[in-house]
Amino acid sequence: MSAEYLRLGVNIDHVATVRNARGGVYPDPIRAAKIAEQAGADGITAHLREDRRHITDADIDGLMAALSVPLNFEMAATDEMQKIALRHKPHAVCIVPEKREERTTEGGLEVAREENRLAHFIAPLREVGCRVSIFIAADMKQIEAAHRIGAQVIELHTGAYCDAHAEGDFATRDRELETLREMSAFAHSLGLEVHAGHGLTYDTVQPVAAFPEVVELNIGHFLIGEAIFRGLTPAIAEMRRLMDEARA
Ligand code: PXP
């Protein structure tokens, strides 16, 4: 298949992490989102966690008011988050698993075990026009379940692939990449839009960006870290360049 344009969603959660370390007002994640827009982000991703450890309710209000590109609102499948999403009606909602004690989103959502509840959970979000995405492991059972519950999009968790690369375990990395490749094609064959993300860096982005079925990557932690050294605009521009190079 010929590859469509690959969108870059920039996740600004960790600008808020740095701000919250001092409990003040800077650095401002809304300002970061506006710079990311200018630098070529096709969307902004923000995860309002139950414990509000980084993004806050006020940040979501601010992003909804300030952004010219779509907001991808990441949230757990809870009643509280559903209410917030229904009030804001962001362009996209990505449902993620959430555990209080985790450092970051570990693993994908268990869709297969919770099909009924999740089908009812996402229906009102779809009705108000949100594009619903489900963050899952590259696993055929989970992809089939996401399709059955009526999700339009799946986002494949690239964490295991990226971790294996960082640990120098290249056999595992290559196996994880092959699974991501196969599951991207499988999800696309069911009519699902395929996104990917978590842990991607300059070193790991290109093999995933080359999958023709993947049309959006969501990248945050690495970009915000890299911005310390080269500034946010060049950090994003380099990611964009690598994505375009892989796609060509
Ligand atoms: N996609 C989803 C669904 C996520 O939960 C996250 C992390 O919040 C990302 C992408 C971005 O991951 P990272 O910050 O590691 O680039």
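The values are calculated or read from the model by the stated rules, or taken from the named source; none is laboratory data. Source: prediction; values computed, not measured. Note that each Cβ is placed from the backbone with ideal geometry, even for glycine, and that neighbours are counted across all protein chains shown. Keep in mind that these areas ignore ligands, DNA and RNA; they rest on the heavy atoms of the full protein, side chains included. Shrake-Rupley method; radii C 1.70, N 1.55, O 1.52, S 1.80 Å.
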Which numbered condition trips up GLY129, out of (1) assigned to a loop (DSSP other than H, G, I, E, B); (2) within 16 Å of the ligand (Cβ to nearest atom)? (2)
Criterion: open to solvent by less than 30 Å² (accessible area, probe 1.4 Å) and of a type in the set (A, V, I, L, M) - qualifying residue of ALA151, ALA58, ALA112: ALA151
Quickly run through the stretch 174-198 and pick out the residues that are more than 12 Å from the ligand (Cβ to nearest atom), closer than 16 Å to PHE135 by Cα and assigned to a loop (DSSP other than H, G, I, E, B). LEU192
Against the condition open to solvent by 10 Å² or more (accessible area, probe 1.4 Å), at pLDDT below 95 and within 16 Å of the chain's Cα centre (by Cα), how does GLU106 come out, does it pass? yes
Determine the pairs where a residue that is touching a residue at least 24 places away in the same chain (Cβ under 8 Å), located within the stretch 82-93, has a partner that is among the polar types (S, T, N, Q) and not in a helix (DSSP H, G or I) with Cβ atoms under 8 Å apart, the partner being 6 or more residues away or on another chain. PRO90/ASN72; HIS91/ASN72; ALA92/ASN72; ALA92/SER133; VAL93/ASN72; VAL93/SER133
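Identify the residue in the stretch 199-243 that is within 23 Å of ALA92 (Cα to Cα) and open to solvent by 50 Å² or more (accessible area, probe 1.4 Å) and, among all such residues, is farthest from the ligand (Cβ to nearest atom). Before the answer, list the steps.
Going through the stretch 199-243, the residues within 23 Å of ALA92 (Cα to Cα) turn out to be 199-200, 205, 208-209, 211-224, 236, 239-240, 243.
Keeping just the survivors that are open to solvent by 50 Å² or more (accessible area, probe 1.4 Å) gives 221-222.
Numbers: HIS221: 3, PHE222: 6 Å.
This residue is PHE222.
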Looking only at helices (runs of 4 or more DSSP H) that lie completely in the stretch 199-248, which have at least 1 residues being touching a Gly at 6+ places or on another chain (Cβ under 6 Å) and touching a residue at least 12 places away in the same chain (Cβ under 8 Å)? 232-247
